[in-house]
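Enquirer: Attaching a single structure in structure tokens format; questions to follow.
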Amino acid sequence: MAHKSLEEINEKIKKGIAVVVTAEEVIGIVDEMGPKKAAEEVDVVTTGTFGAMCSTGMFINFGHSTPPIRMTRVWLNDVPAFAGLAAVDSYIGATELSKTRGMEYGGAHVIEDLIAGKDINLYAESYGTDCYPRKEISTTINKSNINQAYMFNPRNAYQNYPAACNMSDRIIYTYMGTLLPNGGNVTYCTAGCLSPLINDPEYRTIGIGTRVFLGGAQGYVAWEGTQHNPDQERGENGVPISLAGTLALIGDIKQMSTRFIKAAVYQNYGISMFMGVGIPIPILDEDMIRKTAVKDSEIFTDIVDKSGHEGVIRRVSYAELRSGSVELKGRRVQTSPLSSLKVAREIAALLKEEVKKGEFTLTQPVAGLPRHNTVNKLEIRGNSNE
């Protein structure tokens, strides 16, 4: 069995001789060569995903005014931002809604507008202190006149995710899109064989400190993502049937592109943000290339009734979902992706070129992601209507 170290692979990248392929391309290579020879030949497999990731947001430092202010309430384009930090630090979440425009505009739009170079209206209030006497400020900011602006996303790149349907007798509006009554449609939101954590299902190469493609820039895995729960049912190939791992990601907003970050509005639900994430997987041995050569027909998820009536309806492969329809309760119904396969492919291809050119080297994680975890349910005490 071929064994390569990350250092050896990085040396080949620096010399411009590394063999880099996407997670779709590696499937044909393994089919043709077999995993043993393919592991000797291929050095890096690139992945990509582009889908709605609600647990996304931005830290921002505005810089000080004269006289200075200790901001206690902050709005950006009339979207509230959290100010319980230092004097001029703030955090805005992607799903926060505008006070005047409601579901038409939110935190995700502020982030996208800032990345696009647009001016953002900043309004902040304070109670005033001896060292921060100003009590109010209204001004305009953009990515050129602020100090730091970096994305910190508590939960991105779910390893797998359930598909959705609606078995009630009315239309429901959800974060999985509009779901028609009586199982009239199915939506799904995972990039299948291109998805980063599906290509490293046991987190052998992805961990804290891993360099990633994030929104068009180079970012890093900062921690396990919230709701990271690898203790899920898995197939024989090690890929979880649903949910499992997540990543907390960090990166510089000023280096990002709106090509790979888009605000989204879900009808009668709210705001989300489409994030582009890609991770290069080093091929250390035969086991790694077997994992990266997983096909959509070998990746499964459950179709879940989002109305809460029936729970799990059935299990399907991503090949079935991508075919455009699946059988549900004895009839064919349409399937629709909520993530973009086109942009996921673009990310994997762009990352492939950056690695080949030596512009993107691989990093050794400073710590691994947890292989076991517990995700708790919120306990409701007393009368929930109080």
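Enquirer: Please specify each residue of segment 25-53 satisfying the condition of being farther than 12 Å from residue 289 by Cα, of a type outside the set (A, V, I, L, M, F, W, C) and surrounded by 15 or more Cβ atoms within 10 Å (Cβ to Cβ).
Expert: Answer for segment 25-53, where residues must be farther than 12 Å from residue 289 by Cα, of a type outside the set (A, V, I, L, M, F, W, C) and surrounded by 15 or more Cβ atoms within 10 Å (Cβ to Cβ): 47, 48, 49, 51.
Enquirer: Given the conditions (1) farther than 28 Å from residue 249 by Cβ; (2) surrounded by 24 or more Cβ atoms within 10 Å (Cβ to Cβ), report the number of the one that residue 278 does not fulfil.
Expert: (1)
Enquirer: Okay, moving on. Yes or no: residue 292 buried (at least 21 other Cβ atoms within 10 Å of the Cβ), within 30 Å of residue 209 (Cα to Cα) and either touching a Ser or Thr at 6+ places or on another chain (Cβ under 6 Å) or modelled with pLDDT under 95 (or both)?
Expert: No.
Enquirer: Now for a separate question. Only one of (1) more than 30 Å from residue 92 (Cβ to Cβ); (2) touching a residue at least 60 places away in the same chain (Cβ under 8 Å); (3) not in a loop (DSSP other than H, G, I, E, B) fails for residue 251. Which number is that?
Expert: (1)
Enquirer: Just the residues that are in contact with a Cys (Cβ under 9 Å, 6 or more places away or on another chain) and either of a type in the set (S, T, N, Q) or farther than 15 Å from residue 56 by Cα (or both), please, taken from segment 88-116.
Expert: 95 - this is the single residue of segment 88-116 that is in contact with a Cys (Cβ under 9 Å, 6 or more places away or on another chain) and either of a type in the set (S, T, N, Q) or farther than 15 Å from residue 56 by Cα (or both).
Enquirer: Can you name every residue in segment 228-245 that is buried (at least 17 other Cβ atoms within 10 Å of the Cβ) and assigned to a loop (DSSP other than H, G, I, E, B)?
Expert: Within segment 228-245, 228, 229, 230, 239, 241, 242, 244, 245 qualify.
Enquirer: Right, here's the next one. Taking segment 204-227 on its own, how many of its residues are crowded, with 22+ Cβ neighbours inside 10 Å and over 13 Å from the mean Cα position of the chain (by Cα)?
Expert: 3
Enquirer: Turning to a different aspect of this structure: Checking residue 346 against (1) over 17 Å from residue 197 (Cα atoms); (2) touching a residue at least 40 places away in the same chain (Cβ under 8 Å); (3) over 19 Å from the mean Cα position of the chain (by Cα), which single condition isn't satisfied?
Expert: (3)
Enquirer: Looking at the structure I just gave you, is residue 249 of a type outside the set (Phe, Trp, Tyr) and either farther than 30 Å from residue 145 by Cβ or surrounded by fewer than 21 Cβ atoms within 10 Å (Cβ to Cβ) (or both)?
Expert: Taking the combined requirement at face value, the residue does not satisfy it.
Enquirer: Right, something else. Keeping to segment 13-52, report how many residues are in contact with an Asp or Glu (Cβ under 6 Å, 6 or more places away or on another chain) and outside any loop (DSSP other than H, G, I, E, B).
Expert: Matching residues across segment 13-52 total 3.
Enquirer: What residue, among those in segment 86-104 that are crowded, with 20+ Cβ neighbours inside 10 Å and in a strand (DSSP E or B), is nearest to the chain's Cα centre (by Cα)?
Expert: The extreme case among them is 93.
Enquirer: Provide a single number: the residues in segment 170-198 that are over 23 Å from residue 330 (Cβ atoms), more than 15 Å from the chain's Cα centre (by Cα) and crowded, with 24+ Cβ neighbours inside 10 Å.
Expert: Of the residues in segment 170-198, 1 are over 23 Å from residue 330 (Cβ atoms), more than 15 Å from the chain's Cα centre (by Cα) and crowded, with 24+ Cβ neighbours inside 10 Å.
Enquirer: While we're looking at this one, here's another question. Can you tell me which of (1) out of contact with any Pro (no Cβ under 8 Å at 6 or more places or on another chain); (2) of a type outside the set (Val, Ile, Thr); (3) farther than 30 Å from residue 288 by Cα; (4) surrounded by fewer than 20 Cβ atoms within 10 Å (Cβ to Cβ) is the one residue 77 doesn't meet?
Expert: Result: residue 77 passes all but (4).
Enquirer: Just name the residue that is surrounded by the most Cβ atoms within 10 Å (Cβ to Cβ) out of those in segment 302-332 that are closer than 24 Å to residue 237 by Cβ and of a type in the set (Asp, Glu).
Expert: The residue in question is 320.
Enquirer: Considering only strands (runs of 3 or more DSSP E) fully contained in segment 146-203, which possess at least 3 residues that are within 21 Å of residue 47 (Cα to Cα), touching a strand residue (DSSP E or B) at 6+ places or on another chain (Cβ under 6 Å) and in contact (Cβ under 8 Å) with a residue 24 or more places away in the chain?
Expert: 149-156
The values are calculated or read from the model by the stated rules, or taken from the named source; none is laboratory data. Quick caveat, the model's predicted, so the values are computed rather than measured. Note that each Cβ is placed from the backbone with ideal geometry, even for glycine, and that neighbours are counted across all protein chains shown.
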